[in-house]
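Asker: Encoded as structure tokens, here's the structure I'll be asking about.
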Amino acid sequence: MSAVRVHNMGISLDGYATGEGQSLDEPFGHAGTRLLDWMIDGTRFGRRIHGESGGLRTVDDAYVEQWQPGIGVEIMGRNKFAPHRGPWTDHEWRGWWGDEPPFGTPVVVLTHHPRPSIEFANGTVFHFLDASPADALAAARQFAAERDDLGDDVRIGGGPTTVREFLAADLIDHLHLAVVPIVLGRGERLWDGLEAIEDRFHVESVSSPSGVVHVTFTREA
């Protein structure tokens, strides 16, 4: 069976994985890019997937690079795809990433308002489903199976509500968190309702000179 993975999820010291007040101008709310700067600005891989050069070859980079290998499909929540709530009113919106989303795979977008799929020339296809975590995972695996040029694993791309729902359903095999040394105070917390989740996993942590602590949860055999 293919593995279900989460990579490079930034989380504050007080447990928030995104800020409050998401909008078109502020995709991560009041957090801005503070949970992502370690990756976007500080690593070669992070800069490359955002169309930039440079960056340092550090322990952060080694973790970021694990985001892609073996992945055949991503599952994300609607608010990772768009800032809009409720029925779709802007059918011209094609995601935050322009004409070349960084995925290159099928992507399942979880929403209570399904709409036709959106396909891009680089192999990214957004499919909009109203489904439980288990049903979304089954659909994602089928989308991945239809592409023989990709891996078999499923990446849960966020946001925190989606990751929390998959953790609560015991569907995640590998969870990588980047604990960023900031305090957000408000936003969307990851751990609410997940008391003793660590009992299911082998947990390791690695500190980086950037100040980020990489915490990896791997399902116990």
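The values are calculated or read from the model by the stated rules, or taken from the named source; none is laboratory data. As the structure is a computational prediction, the values presented were derived from the model and not from experiment. Here the Cβ positions follow ideal geometry from the backbone for every residue, glycine too, while neighbour counts run over all protein chains shown.
Asker: List every residue pair whose Cβ atoms sit under 6 Å apart, with the two residues 6 or more apart in sequence or on different chains, where the first one lies in segment 34-45 and is more than 21 Å from residue 20 (Cα to Cα) and the second, anywhere, is hydroxyl-bearing (Ser, Thr, Tyr).
Answerer: If the second residue must be hydroxyl-bearing (Ser, Thr, Tyr), the pairs left are 42/210.
Asker: Could you please find all residues in segment 37-90 being at pLDDT below 85, among the aliphatic types (A, V, I, L, M) and out of contact with any strand residue (DSSP E or B) (no Cβ under 8 Å at 6 or more places or on another chain)?
Answerer: 49 - this is the single residue of segment 37-90 that is at pLDDT below 85, among the aliphatic types (A, V, I, L, M) and out of contact with any strand residue (DSSP E or B) (no Cβ under 8 Å at 6 or more places or on another chain).
Asker: Those residues that are surrounded by fewer than 20 Cβ atoms within 10 Å (Cβ to Cβ), under 13 Å from residue 185 (Cβ atoms) and in contact (Cβ under 8 Å) with a residue 24 or more places away in the chain, I need them from segment 10-33; list them, please. Write out each step before concluding.
Answerer: Residues of segment 10-33 that are surrounded by fewer than 20 Cβ atoms within 10 Å (Cβ to Cβ), as a first pass: 13-15, 20-21, 23-27, 29-30, 32-33.
Among the residues that remain, those that are also under 13 Å from residue 185 (Cβ atoms) are: 13-15, 20-21, 29-30.
Matches in segment 10-33: 13, 14, 15, 20, 29, 30.
Asker: What is the number of the single condition among (1) at pLDDT below 95; (2) touching a Lys or Arg at 6+ places or on another chain (Cβ under 7 Å) that residue 16 does not meet?
Answerer: All conditions pass for residue 16, except number (1).
Asker: Which one of 185, 211, 158 is among the small types (Gly, Ala, Ser), closer than 22 Å to residue 20 by Cβ and modelled with pLDDT of 95 or more? Step through it out loud before you land on a result.
Answerer: On the way: 211 fails: closer than 22 Å to residue 20 by Cβ; 158 fails: modelled with pLDDT of 95 or more.
Testing whether each residue is among the small types (Gly, Ala, Ser), closer than 22 Å to residue 20 by Cβ and modelled with pLDDT of 95 or more leaves just 185.
Asker: Hey, any hits in segment 39-57 for a residue that's basic (Lys, Arg) and within 14 Å of the chain's Cα centre (by Cα)?
Answerer: In the first step, residues of segment 39-57 are kept if they are basic (Lys, Arg); the result is 44, 47-48, 57.
Now restrict to residues that are within 14 Å of the chain's Cα centre (by Cα): none.
Within segment 39-57, not a single residue is basic (Lys, Arg) and within 14 Å of the chain's Cα centre (by Cα).
Asker: The conditions are (1) touching a residue at least 40 places away in the same chain (Cβ under 8 Å); (2) under 23 Å from residue 23 (Cβ atoms); (3) under 14 Å from the mean Cα position of the chain (by Cα); (4) part of a strand (DSSP E or B), and residue 109 fails exactly one of them. Which is it?
Answerer: Tallying (1) touching a residue at least 40 places away in the same chain (Cβ under 8 Å); (2) under 23 Å from residue 23 (Cβ atoms); (3) under 14 Å from the mean Cα position of the chain (by Cα); (4) part of a strand (DSSP E or B), residue 109 fails exactly one: (1).
Asker: Against the condition at negative phi and at pLDDT below 95, how does residue 133 come out, does it pass?
Answerer: Values: at negative phi: yes; at pLDDT below 95: no.
No; evaluated as a whole, the condition is false for this residue.
Asker: Residue pairs, Cβ under 9 Å, 6 or more apart or interchain, first in segment 51-79 and under 12 Å from residue 39 (Cβ atoms) and crowded, with 21+ Cβ neighbours inside 10 Å, second at pLDDT below 95 and aliphatic (A, V, I, L, M). List them.
Answerer: Within 9 Å, the pairs are 60/39; 63/39; 64/39; 64/49.
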